[in-house]
Every structure is written in C-alpha cells, then in structure tokens.
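Notes to accompany the following structure.
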Amino acid sequence: MEEPSGTKKLGVRALAKMTGYSTGTISRVLNNSALVNKDTRRQVLEAIEKAGYTRNPAARALATQRTKTIGAVVPTLAHSIFARFLNAIEQELAGQGYALVIATSGGDAEAEERRARELVDLGAEGLILSGAEHNMALLEFLAAGNIPAICTSVCEGQDGLPAIGYDNAALGEKALRFLASRGHDNVSVIHGPTENNDRTRLRIDGVLAGAKEAGAEVHLFETSLDVAGGASSAANIFALKRQPGSAVLCLSDVLALGVLFEAGRHGIAVPQDLSLMGFDDLDWAAHSVPPLTTIRLPTARMGTSVAKALMGRLDAAKEIETLRLDAEIVERGSVADLRGR
C-alpha cells in the first residue's frame, strides 16, 4: 500500500527505526487502517512527532481524521467590518494550529447552503454563519453530518444553533433613543436591503420601538448597502426639504459615509444643519470630518469568541453556548445637541 506523501521523505522503515514500532504498524497508522486501535494510533502518532518528524497536512489529516480547519460563510468581503471579524477569527485559530477557509454568499440563502457544503468538502470541521436565518436544507445538512456551526452577529440562533453576537433590536432602539435624548424628534433612517438580512430587520424593529417610546417621527429609506446607496438616499432626504437640525441614522457606517459626501455636495453642514449617526464604528469613523457618532460593534471580540467556542467543541467536545456581547455608543462630533434651542 502506498504511504501518504508526507512519509516518502523518510520512509516507513526510517520511521519504524526512529519510533521503535514495526513497519507494519507505522504503515497501517499512516494509511488510516481500521486494523489499528485508537490507543495504538495515538501512541504511534505521538512517537512520530516526538522523533521530530513533521508530516504534511494531507498525511496528518488522513492519520488523525482531523483537518483542524474551520469554514466561514459571510455575505461579502467588500466591507471592512467583515475583514475585522475574520481577522480576529484567523488570529485565534492560528494560535492553536487551525486554519480558516472563507466563502461568500452575497446574502443569498441558497448560495450560503452551497458554499457551506463546499467548505465541508474542503475539510471544514465546523462552520461560522452570518445571522440566525438559514434555509432548511442547510440546517438538515449540518444535523445529518453532526457539523458544529455558530450563528454570528445575532444573539439568538435558529433551530438549536448557538449564536455569538449582539442584540440588533436593542441596539437599534438604543441609537434612536440617543438621538431623541439630544432633541431629535424627526429622524430619517437609512438601511440596507431587508430581504435575507435578519440583522437589518431587527435593527429597524428596534428603531421603531425606540421612536414610539420617545414620541419621535421616523422615516425609513432602504437602499443598497454601500456608499452610493447612502448618498442616493441622502439626496432623496434633502429633496424633501426637512427642517435644519433633523437627524439621519444610518444602520451601517458605509451608508453614513455616503450621506457625508452628499451633504458636502449640497452645502449642508454636519452637524450644524444635519446630525448624522452610524452603526459599526469602522476604522475611518473616528477620522471623518466631523468624526462620526456611531455604535461600536464588538466585532473583534465576536471573532475571538467564535473561534474559541468552535475549537473547544472540536478538541474537547465542549458544548457551544449562546453568548450575547455588549455594544456601546461612541459619541463624537456628528450629532448636535438641540436641547435648549
């Protein structure tokens, strides 16, 4: 029987001499033979590693039945918030000898299922998913394969899946109440597509709940989740000639950037003529002119927590528990205080 490619440099005989095991035992372990019991396999692999022999990843996966690979399916890589999230995951995994493979779904449920299957075919032992809503075919695939998965960017999972993230509805309400506390009772809310995005819908629900409690008027504008979408929605808002001092709440910082650009084109000063608040706290938010008031999402903490939870499940059979992470409002210079005017 041909040995895996990682054994050819030394050969079975050399490995047998180095470890004290027979050539037959070494060959059976490296070829993942069912004739080797679990304890013997472990002892042989430990002896091989102690002898200083490093097998290539394919040979290691074959011998141990572990790939130490985690898959992540995210809607897009176009926004830096996902880069921050994935970077935190990769750093935590790399420290424990794990690898991260990434796929994008475009926010489409069927594409998410297809990409998830592809990642598992590539050797992913666990999956990281965005949001709580996933199609039944994906859920059945995970259950049938006993594949651990975590919903992220939400604090409640679906059909038994654990979640690690934040309460989008509570944060939407928090943002609206903050603006109302600064005297803004007429707020335009710009958000991305709600279809196939439970996080956005939850944020809108929270905004509406906060507006009802505060007695504020809210106007919703749905657009593409990019700078151009924010700019086009801002142009529509300015065409309505709302009174100076009303606020715009963007449910993503990338939309707020578009509003800033469009306000400049119309000669509208932020926050003197228009208050602006974002959602995410992207890297540039503290450096825009004026600096953007926004909600700082615990993106890096979420990534680290997700990585630790999946490794604990795969390495030690620890149950993955749902975890709610706190987020905070970062008050900067883009929101005027209208109280007392």
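Would the range 259-269 turn up any residue that is surrounded by fewer than 20 Cβ atoms within 10 Å (Cβ to Cβ), over 15 Å from Ala175 (Cα atoms) and acidic (Asp, Glu)? I'd like the intermediate steps shown before the answer.
Of the range 259-269, the ones surrounded by fewer than 20 Cβ atoms within 10 Å (Cβ to Cβ) are 261, 264-269.
With over 15 Å from Ala175 (Cα atoms) added as a condition, the list becomes 261, 264-269.
Narrowing the set further to residues that are acidic (Asp, Glu) leaves none.
No, the range 259-269 has no match at all.
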Condition (residue is more than 19 Å from Ala175 (Cβ to Cβ) and not aromatic (Phe, Trp, Tyr)) applied to the range 245-258: is it met by at least one residue?
no
For Pro291, indicate whether it is in contact with a Lys or Arg (Cβ under 7 Å, 6 or more places away or on another chain), surrounded by fewer than 20 Cβ atoms within 10 Å (Cβ to Cβ) and either at pLDDT below 95 or assigned by TED's automatic domain parsing to the domain that holds Glu222 (or both).
yes
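If you check Ala336 against the conditions, is it out of contact with any helix residue (DSSP H, G or I) (no Cβ under 8 Å at 6 or more places or on another chain), of a type outside the set (S, T, N, Q) and part of a helix (DSSP H, G or I)? Steps first, answer last, please.
Details: out of contact with any helix residue (DSSP H, G or I) (no Cβ under 8 Å at 6 or more places or on another chain): yes; of a type outside the set (S, T, N, Q): yes; part of a helix (DSSP H, G or I): no.
So Ala336 does not fit the description; no.
Please work out if Val207 is of a type in the set (A, V, I, L, M), closer than 14 Å to Ser188 by Cα and either buried (at least 24 other Cβ atoms within 10 Å of the Cβ) or within 22 Å of the chain's Cα centre (by Cα) (or both).
Details: of a type in the set (A, V, I, L, M): yes; closer than 14 Å to Ser188 by Cα: yes; either buried (at least 24 other Cβ atoms within 10 Å of the Cβ) or within 22 Å of the chain's Cα centre (by Cα) (or both): yes.
Yes; evaluated as a whole, the condition is true for this residue.
State yes or no: is Asp283 outside any helix (DSSP H, G or I), surrounded by fewer than 21 Cβ atoms within 10 Å (Cβ to Cβ) and within 19 Å of the chain's Cα centre (by Cα)?
Taking the combined requirement at face value, the residue satisfies it.
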Please find, among Ala247, Ala239, the residue that is among the small types (Gly, Ala, Ser) and modelled with pLDDT under 95.
Ala239
Tell me, please, whether a residue that is within 21 Å of Ala180 (Cβ to Cβ), assigned to a loop (DSSP other than H, G, I, E, B) and not aliphatic (A, V, I, L, M) can be found in the range 292-306.
no
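The values are calculated or read from the model by the stated rules, or taken from the named source; none is laboratory data. Bear in mind that the values here come from a model prediction, so they are computed numbers and not experimental data. Cβ: placed from backbone, ideal geometry, glycine included. Neighbour counts: every protein chain shown.
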